[in-house]
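Read-outs: derived from the displayed coordinates by stated rules, not from any lab. From a predicted model like this one, the values you see are computed outputs, not experimental measurements. Every residue, glycine among them, receives a Cβ derived from its backbone with ideal geometry; neighbour counts consider all protein chains shown.
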């Protein structure tokens, strides 16, 4: 009698999955700075290169066209605009775009006299902007108002607002747009929530400046104010969160309202904030920096400023991994988004398998994480090739943005290449 010894399957030992408290420089989210340009002026981009921050993946490009309020924008100015956008693209920065007539809070004086001039400028700038449409995360405002913030303008009646947006959409295509207040959003969606093309969001440069965020919110309950009214703070923040399901939301945190960092973080999570200005308002940012965060596991003891900065946008954490199945084995992985906002773009997950001989093979997972919501945990699995599994020693996971291959870092301790160890096979 002969016996055939059955080959024993290797035991998979999962890694220890901890969340780090490091700030992650991931695409299209986090802190930003403003880079202002007058399109009627010469620009030294080589000099500007030294002001870029490696830890900031976003830049707000403020393009001032006020010099052309009474005329068409000349071709050399449009080429300068394209050169500026190309500069940020070349340096790996996603752009928050704002085109303005005014940088001094004097919108009425500096914007054109006639609406048709503004509409013409939108078409001209849009023809240049669409060449960089994948680089523009969101465009704030519709050119008009004080600082381009859509207040202090003669062009913001409901009818004119719709004309501006129609021209903007025709010129800027699928680039996401953001308006300044929920009331303006409602004017553009008279049939209610769930209507429109889903490419209009909001921005807020008055966060925490007062009880109504410097005129952003109202004081009535939604059922009393009606669709075109101004709702109270909490109802409008919840609405902004819904409107931000597909378009990034952010802006500036300013002084005024008595609110601590923990409550500010709660509101930023409710509204699904993706980005904030790193330099304004300095007084508010210093308040958060001086405040110690309490609780929340590894975050206990850090500053409120650090906590808020680390949670702007998406923040993906690998929570677990296990091998299952007897004959056909597969790997199951759990990933949670602990950030304030969803992941808006397609991202690819890649499983790296290192073998005993030092060879590495990569398997691209069929699952995608686009749209993963804040505090949502997703489960995904991938079948393992039997021969590959027999030779496997270490499994690790990495992620990249699909459209340009940029690495997306997990919030777990990772290797130099940004990959997270999932576990090892014990023979």
Inset, instruction - Subtracting the Cα-Cα distance from 0.36 nm times the residue separation, let me have the gained length for residue 75 to residue 103 in nm, one decimal. - result: 7.8 nm
Legend entry - On Cα atoms only, tilt of 75-90 relative to the major axis of the chain in degrees: 20 degrees
Inset, instruction - Let me know the shape class of region 207-335, please: from the alpha-carbon gyration tensor, a ≥ b ≥ c as square roots of the eigenvalues, rounded when a/c is under 1.5, otherwise prolate if a/b is greater than b/c, or oblate. - result: oblate
Legend entry - Tilt relative to the chain, helix 158-172 - C-alpha long axis, 0 to 90 degrees, to 10: 50 degrees
Legend entry - Pair residue 370, residue 291: separation of 7 Å Cα→Cβ label points (nm): 3.6 nm
Legend entry - C-alpha long axis of helix 115-129 to longest principal axis of the chain, angle in °: 30 degrees
Inset, instruction - Let me have the 222 nm mean residue ellipticity of the chain computed from DSSP H runs of 4+ only, each contributing -39500 (n - 2.57), with the sum over all residues rounded to the nearest 500. - result: -7000 deg cm²/dmol
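Rounded to the nearest 0.05, what FRET efficiency do residue 404 and residue 189 give with R0 = 41 Å and r taken as the Cβ-Cβ distance? Could you check?
Numbers: r = 32 Å, r/R0 = 0.77.
It comes out at approximately 0.85.
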Legend entry - Evaluated at q = 0.13, 0.15, 0.16, 0.18 Å⁻¹: base-10 log I(q)/I(0), Debye formula over Cα of region 94-227: -0.55, -0.73, -0.84, -1.06
Inset, instruction - Among 354, 223, rank each residue by its count of other Cβ atoms within 10 Å, from fewest to most, as a rough exposure measure. - result: 223, 354
Inset, instruction - Report the normalised scattering of region 190-235 as log10 I(q)/I(0) at q = 0.33, 0.34 Å⁻¹, calculated by the Debye formula with identical scatterers on the alpha carbons. - result: -1.10, -1.12
Legend entry - Mean separation of Cα contacts under 8 Å, 6 or more apart, over the residue count of the chain: relative contact order %: 15 percent
Legend entry - Read-out Kirkwood radius over Cα pairs in Å, derived from the coordinates shown; its label in (1) 23.5; (2) 24.4; (3) 21.2: (1)
Inset, instruction - Please say if region 2-158 is rounded, prolate or oblate, where rounded means a/c under 1.5 for a ≥ b ≥ c the square roots of the C-alpha gyration tensor eigenvalues, and otherwise the choice is prolate for a/b larger than b/c and oblate otherwise? - result: prolate
Inset, instruction - Indicate the gyration tensor shape class of region 150-247 (rounded, prolate or oblate), computed on the Cα atoms with a ≥ b ≥ c the square roots of the eigenvalues: a/c under 1.5 is rounded; otherwise a/b larger than b/c is prolate and the rest oblate. - result: prolate
Inset, instruction - Order these peptides, 370-378, 123-131, 135-143, 358-366, by their mean beta-carbon neighbour count within 10 angstrom, highest first. - result: 135-143, 123-131, 370-378, 358-366
